[in-house]
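Enquirer: My structure is below; once you've seen it, I'll send some questions.
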Number of protein chains: 2
Amino acid sequence: MNAIMKRLYQWPLDPAGRLVRLVLAEKGEGFERVDSPAWAPHPDVAALGYGAVTPALVSSDATGRVVACGTRAICEHLEEAYPLPALLPADPNERAEARRLWAWVEAGCEEITDTLLTERVVQWVRRERQPDSEKLRRGAHALRGRLTFLNGLVEINGYLAGRTLSLADLAAAAHLSAYDYFGDVEWNAVPDLKTWYARIKSRPAFRPLLADRIDGTRPVPHYADLDF
Amino acid sequence: MNAIMKRLYQWPLDPAGRLVRLVLAEKGEGFERVDSPAWAPHPDVAALGYGAVTPALVSSDATGRVVACGTRAICEHLEEAYPLPALLPADPNERAEARRLWAWVEAGCEEITDTLLTERVVQWVRRERQPDSEKLRRGAHALRGRLTFLNGLVEINGYLAGRTLSLADLAAAAHLSAYDYFGDVEWNAVPDLKTWYARIKSRPAFRPLLADRIDGTRPVPHYADLDF
């Protein structure tokens with residue numbers, strides 16, 4: 001027997017860490033979670049590599065270890081190491097579309113995470129100060145634009161990149177779930193996306209995310225509700 | 001015979017399009033280039049998919065076509081479709097490192113492209129106005145930081161992610177070559193990176209980039225010089 005031990009350095013409300021948790025859970029891979037918030041990284045992280053940041057996954061077995069940092073390195077590695085269930089379509093054209101939209105979600109949501117989510121965290125988790133209302137407004141505006149785009153995609157396809165679940169869906173759900181913790185997603189404005197999210201939310205892999213409770217905060221009432 | 005026709009929509013000084021051109025050339029795959037600048041996209045591009053942007057690669061043969069947009073979708077597709085020469089290491093740990101640094105380059109250079117390179121293009125290519133000196137300064141500052149980081153990596157490894165060329169190197173060289181067209185890279189401040197760039201620059205795959213001449217501009221004298 002050659003058991004593989006996995007340790008994931010992440011912070012529970014970071015959308016990137018949430019994506020990795022979803023991928024590991026979909027593939028049935030157990031792992032140990034270690035909290036490492038961006039503003040106070042776990043000391044192990046810097047030792048993982050020159051410029052290493054979270055999320056960082058360390059997989060060790062008797063033959064050595066694999067260190068993967070960032071969603072691109074981690075998710076592609078997991079897809080190669082644990083091909084089933086596949087989270088990228090087999091067809092090259094659909095595969096390219098899933099990767100395009102996965103990248104689109106990550107690039108397009110960065111501004112929302114940096115403004116809206118960061119300000120919520122500063123106010124409610126770190127309790128440092130009142131949020132910057134201009135940043136909240138900017139983030140909310142960006143979020144509305146992304147929701148409209150995503151709603152258009154699921155209206156066509158059912159899932160973002162076609163008729164099956166892919167990394168694009170998990171990336172989008174990871175981001176939206178983090179914003180939803182503080183009640184920032186106006187689901188009623190995007191009915192098709194709401195139906196899509198209800199479907200993703202009810203997957204067993206999603207349960208640990210819905211169980212997250214960050215110190216001193218509680219999520220909005222509908223956060224963990226499968227019938228919201 | 002089942003010839004595959006490839007068409008790449010890109011703009012010559014866009015670092016993302018340069019990366020794709022390098023990957024195709026390293027793999028010995030011919031393609032037709034179609035100019036599609038961000039400010040005046042080729043009409044074909046919007047029809048490639050909902051929200052499609054450049055670089056976009058369309059590969060067609062008798063059995064169908066593959067549309068890939070964005071460097072993540074395109075380069076991973078090319079690596080799967082044309083595995084040799086490999087541009088990601090075979091070892092899972094080194095592979096994860098190459099993808100981490102590839103992502104790091106793209107995220108870390110975005111600010112430089114959006115400020116420094118964009119202002120140069122506005123001034124010299126589009127000839128719309130004088131550059132915004134504050135943006136030039138911000139971009140130059142960001143570039144110095146990235147150069148220092150990259151110099152540290154090649155000093156350790158020879159290439160960015162280890163002892164062999166990978167997508168991380170091609171991504172970094174694609175970005176730096178675009179900034180270098182206007183003379184914005186202070187090579188003498190980063191001697192190890194300068195040696196690395198001289199090595200990459202002398203690869204046959206790099207020649208088409210060095211031959212680029214954008215309408216109405218000429219690159220700085222050392223741009224195409226292999227012994228700069």
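Values in this text are rule-based calculations from the coordinates and carry no lab data. Note that the structure is a prediction, hence the values are computed from the model and not measured. Every residue, glycine as well, gets a Cβ built from its backbone with ideal geometry; the counts of neighbours run over all protein chains shown.
Enquirer: By counting other Cβ atoms within 10 Å of each Cβ, how are B:Ile112, A:Ile156 ranked from fewest to most?
Expert: Ordered by Cβ neighbours within 10 Å, fewest first: A:Ile156, B:Ile112.
Enquirer: If you don't mind, there's one more thing I want to ask. At B:Pro191, label 7 Å along Cα→Cβ: distances to the other copies, nm, ascending?
Expert: Label-point separations across copies, in nm and ascending: 6.9.
Enquirer: Additional query: Give the separation of the Cα centroids, the range B:21-36 to the range A:52-94, in Å.
Expert: 28
Enquirer: Label position 7 Å from Cα toward Cβ: report the copy-to-copy distances for A:Asp114 in nm, one decimal, ordered from shortest.
Expert: With the label placed 7 Å along Cα→Cβ, A:Asp114 yields 0.5 nm.
Enquirer: Additional query: How many percent of DSSP beta bridges within chain B run antiparallel, rounded to 5?
Expert: Numbers: 12 of 16 bridges.
Here the antiparallel bridges make up roughly 75 percent for chain B.
Enquirer: Here's a follow-up. Quick check on the range A:55-189: take the gyration tensor over C-alpha atoms, sort the square-rooted eigenvalues as a ≥ b ≥ c, and tell me if it's rounded (a/c under 1.5), prolate or oblate.
Expert: Note, shape of the range A:55-189 comes out oblate.
Enquirer: If we count every other residue with Cβ under 12 angstrom of A:Thr217's Cβ, Lys/Arg +1 and Asp/Glu -1, where does the sum land?
Expert: +3
Enquirer: Which order results if B:Asp91, B:Asp180 are arranged by neighbouring Cβ count within 10 Å, fewest first?
Expert: Placing the least packed residue first, the sequence is B:Asp91, B:Asp180.
Enquirer: What's the local net charge at B:Leu84, with K and R +1, D and E -1, over the other residues with C-beta under 14 Å away?
Expert: After counting each charged neighbour, the total is -3.
Enquirer: Only four residue types carry charge here, +1 at the Cβ of Lys and Arg and -1 at the Cβ of Asp and Glu. Report the dipole size of the protein assembly as shown about the Cα centre in Debye, rounded to the nearest 20.
Expert: The dipole of the protein assembly as shown has a size of about 180 debye.
Enquirer: Restricting to DSSP H runs of at least four residues, report the calculated mean residue ellipticity at 222 nm for chain A, -39500 (n - 2.57) per run over all residues, nearest 500 deg cm²/dmol. Kindly include the intermediate steps, with their values, before the conclusion.
Expert: Details: 8 runs with 103 residues, N = 228.
Taken over chain A, the calculation gives -14500 deg cm²/dmol.
Enquirer: Only bridges with both residues in the protein assembly as shown count here: give the DSSP antiparallel percent, nearest 5.
Expert: Values: 24 of 32 bridges.
Of all bridge pairs located within the protein assembly as shown, approximately 75 percent are antiparallel.
Enquirer: Looking at chain B, do any whole DSSP H helices span at least 27 angstrom along their long axis by alpha carbon and average -0.5 or above on Kyte-Doolittle, and which?
Expert: Details: long enough: B:92-112 (30 Å, -0.77); B:133-157 (36 Å, -0.31).
Flagged H segments are B:133-157.
Enquirer: Nm distances between the label at A:Ala86 and the same-position labels in the remaining copies, 7 Å along Cα→Cβ, shortest first?
Expert: Shortest to longest, the spacings are 2.1 nm.
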